[in-house]
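First the structure, in the form of structure tokens, and then the observations on it.
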Amino acid sequence: MTTLADRRKKFRAMLEERRAVLVPGAANALTARVIEDQGFEACYVTGAGIANTLLGVPDIGLVTMSEIQTTTAAIAEISSLPLFVDMDTGFGNAINTHRTVRVLERAGACAVQIEDQVFPKKCGHFDGKAVIPAKEMATKVRAAADAREDENFLIIARTDARAIEGIDAALDRARMYIEAGADVTFVEAPISVEEMQRICAELPVPQVANLVVGGRTPMLSQEELATIGFAIVLYANTPLQAAMRAMSEVLGALKRDGNLDAVQDRLADFVERQRLVHKSTYDAMEKTYAVEE
């Protein structure tokens, strides 16, 4: 396992390359295991995924800081990937934001995303959102930047103003957040390739694209997004959506047929399951620490 300091340096350098690094989202440690096993370079700890998976509720601001912290710590313990963590609106004002950053940095985050929605926030691709005044958000960004202990810990400022105030206002907000100390900005839910091009051309820091199947942003390829200039491409809940579909199909077959004969090929077998959770590592530890008689 690499050190947290090494992961943070690596993630910062990765973003500076602006090559549209694909970053899937995990709501639990098992999903993070799969992401790392498939060779991805970083992992996003998704607030929406935690809401859906842990609580069984929509992404409407019901997740708490402690639930984000616990999930981040669990993933950081078993994964060597840099973790980009969704901290919603910071769970309060600038002072709350300061504490949240401290807590998540200690939990193992390499970067945090703070957004400018009114609390309780909503998924960026939902209707009915509202944003706080840009100056208020800037104070949160400044507090977040002041709170970090590691200079390579990244503050990613997200604005949801595109859907409410338009792309020009969203870009103005992003510029203000950069001045307040954001290392990266994230203009959520642009609706055209032209808007995506403007985001990367007009903002001087690395940018995040968030691709949601059925969402508002064009589903461009990694090559197209790299050409535009994005640093990160989030597939925040693709693993969750795949798991939901697979669970429904397999359990539906079990209920219908009374057995799993029709869906055996959809299941990881016992050996694969133990490989993925690194059982051999723990077997070796048992031998190392066995009590000699």
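Which whole-Hz couplings ³J(HN,Hα) result when phi for each residue of region 196-209 is put into the Karplus expression 6.51 cos²θ - 1.76 cosθ + 1.60, θ = phi - 60°, listed in order with x for Gly and Pro?
5, 5, 4, 4, 6, 6, 9, 10, x, 9, x, 10, 10, 10
Report the net charge of residues surrounding Val263, where surrounding means a beta-carbon distance below 9 angstrom and charges are Lys +1, Arg +1, Asp -1, Glu -1. Write down the numbers at each step before the final one.
Details: positive: Arg266; negative: Glu249, Asp257, Asp261, Asp265.
Taking every Cβ under 9 Å from that of Val263, the sum is -3.
For the chain, take the longest principal axis of its alpha carbons; what is the angle in degrees between that and the long axis of helix 134-147, to the nearest 10 within 0 to 90?
50 degrees
At a 10 Å Cβ-Cβ cut-off, how would you order Val63, Val193, Val271, fewest neighbours first?
Listing Val63, Val193, Val271 from fewest to most nearby Cβ atoms yields Val271, Val193, Val63.
For Ala201 and Ala284 in the same chain, what is the full-extension length gain: residue separation times 0.36 nm, less their Cα-Cα distance, in nm?
That works out to 24.7 nm of additional length.
Fully extended, how many nm does the chain gain between Arg273 and Ile60 (0.36 nm per residue separation, minus their Cα-Cα distance)? Intermediate values should be presented prior to the final figure.
Numbers: separation 213, 0.36 × 213 = 76.68 nm, distance 3.29 nm.
Extending this stretch completely gives an extra 73.4 nm.
Between beta-carbons, use under 13 Å as the cut-off and find the net charge around Thr70, counting Lys and Arg +1, Asp and Glu -1.
Charge balance near Thr70 sits at -1.
Which entry in (i) 135; (ii) 153; (iii) 226 is this structure's computed volume of the Cα convex hull per residue in Å³?
Among (i) 135; (ii) 153; (iii) 226, the one derived from this structure is (ii).
Given the C-alpha centroids of region 1-78 and region 91-141, what is the distance between them in whole angstrom?
A separation of 17 Å, based on Cα centres.
Per DSSP helix of 4 or more residues, -39500 (n - 2.57); summed, then divided by the residues of the chain. What does that give at 222 nm, rounded to the nearest 500?
The per-residue figure over the chain is -14500 deg cm²/dmol.
Give me the net charge for the shell around Ala109: Cβ to Cβ below 11 angstrom, other residues only, Lys and Arg +1, Asp and Glu -1.
Neighbour charge sum, excluding Ala109 itself: +2.
What distance in nm lies between label points placed 7 Å from Cα along the C-beta direction at Asp127 and Met247?
2.8 nm
When the chain is fully extended, how far beyond the present Cα-Cα distance does Asp37 get from Arg106, taking 0.36 nm per residue of separation?
Details: separation 69, 0.36 × 69 = 24.84 nm, distance 2.47 nm.
Result: 22.4 nm gained on full extension.
Give me Rg/Rg_expected for region 26-153, where Rg uses Cα atoms only and Rg_expected = 2.2 N^0.38 Å with N residues. If you can, show how the numbers build up before the last one.
On the way: Rg = 14.2 Å, N = 128, 2.2 N^0.38 = 13.9 Å.
So the Cα radius of gyration is 1.02 times the expected 2.2 N^0.38 Å.
Readers should treat all values here as calculations from the given coordinates under stated rules, not as data from a laboratory. The model shown is predicted, which means the values in this text are computed figures rather than measured ones. Positions of Cβ are generated from backbone atoms using ideal geometry, with glycine treated the same way; all protein chains shown enter the neighbour counts.
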